[in-house]
1. When residue 9 is evaluated against the numbered criteria (1) within 17 Å of the chain's Cα centre (by Cα); (2) over 20 Å from residue 120 (Cα atoms); (3) polar (S, T, N, Q), which criterion, by number, is the only one it fails?
2. Quickly run through the stretch 59-117 and pick out the residues that are of a type in the set (Gly, Ala, Ser) and more than 12 Å from the chain's Cα centre (by Cα).
3. Filter the stretch 112-128 down to residues that are in contact (Cβ under 8 Å) with a residue 12 or more places away in the chain, of a type in the set (S, T, N, Q) and over 17 Å from residue 20 (Cβ atoms), then give me how many there are.
4. If you take the residues in the stretch 1-57 that are assigned to a helix (DSSP H, G or I) and among the β-branched types (Val, Ile, Thr), which one is farthest from residue 129 (Cα to Cα)?
5. Filter the stretch 62-111 for residues that are in contact with an Asp or Glu (Cβ under 8 Å, 6 or more places away or on another chain), in contact (Cβ under 8 Å) with a residue 40 or more places away in the chain and not in a loop (DSSP other than H, G, I, E, B) and give the result.
Amino acid sequence: MWASYKTTQVNHIDDVFAIAAQANTLLKLLNHHYEKAGITQLSIGIGVEYGRVLMIKAGYSGSTINDVVYMGDVVNRAAHLAHLAGRGWGSSPIVVGDVFYSNLNENNKSLLRPQWTSSIGTVYQGNPIIPPMDDWISSLS
């Protein structure tokens, strides 16, 4: 899963981290309902990185093709992080890159642990959730 957010201040990095934790908690809720309904649970990876992104409109004049395309190293890196997240090598559902991690506050950093990968070096992984939402999910029958 991926998304692009404009972060003009350092504290916005922590806001994006909170959004990733919300998505992770919502996945837990969805999988709770899937399990009750006998549906195979979803397994997704959430990759998060910080950097400059180029947005361009793609298509040609007069056509109905008018998509926004995101380009840049950070897009590729976030995709690789999402691919690592939730995989069988001991990864957690959320994997963040070193630049993103270095801009997090100390509390959010404490929710992640380093993991070295041969493909991109050190990444940080964790299973952050929103505690009140998680408590509510746990209370569901």
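1. Failing condition for residue 9: (1).
2. Those that are of a type in the set (Gly, Ala, Ser) and more than 12 Å from the chain's Cα centre (by Cα): 59, 61, 62, 63, 72, 88, 90, 91, 102, 110.
3. The total comes to 3.
4. 13
5. Filtering the stretch 62-111 for residues in contact with an Asp or Glu (Cβ under 8 Å, 6 or more places away or on another chain) gives 74, 77-78, 81, 96-97, 99-100, 104-105, 108.
When the remaining residues are screened for being in contact (Cβ under 8 Å) with a residue 40 or more places away in the chain, the result is 77-78, 81, 96-97, 99-100, 104-105, 108.
Those that are in contact with an Asp or Glu (Cβ under 8 Å, 6 or more places away or on another chain), in contact (Cβ under 8 Å) with a residue 40 or more places away in the chain and not in a loop (DSSP other than H, G, I, E, B): 77, 78, 81, 96, 99, 100, 108.
Let's see how each residue does on (1) in contact with a Phe, Trp or Tyr (Cβ under 6 Å, 6 or more places away or on another chain); (2) farther than 21 Å from residue 15 by Cα; (3) at pLDDT below 90:
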position: 41; (1), (2), (3): yes, yes, no
position: 53; (1), (2), (3): yes, no, yes
position: 86; (1), (2), (3): no, yes, yes
position: 119; (1), (2), (3): no, yes, yes
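The values are calculated or read from the model by the stated rules, or taken from the named source; none is laboratory data. Note that this is a predicted model, so its numbers are computed, not measured. Because the Cβ atoms are built from the backbone with ideal geometry, glycine has one as well, and the counts that use them run over all protein chains shown.
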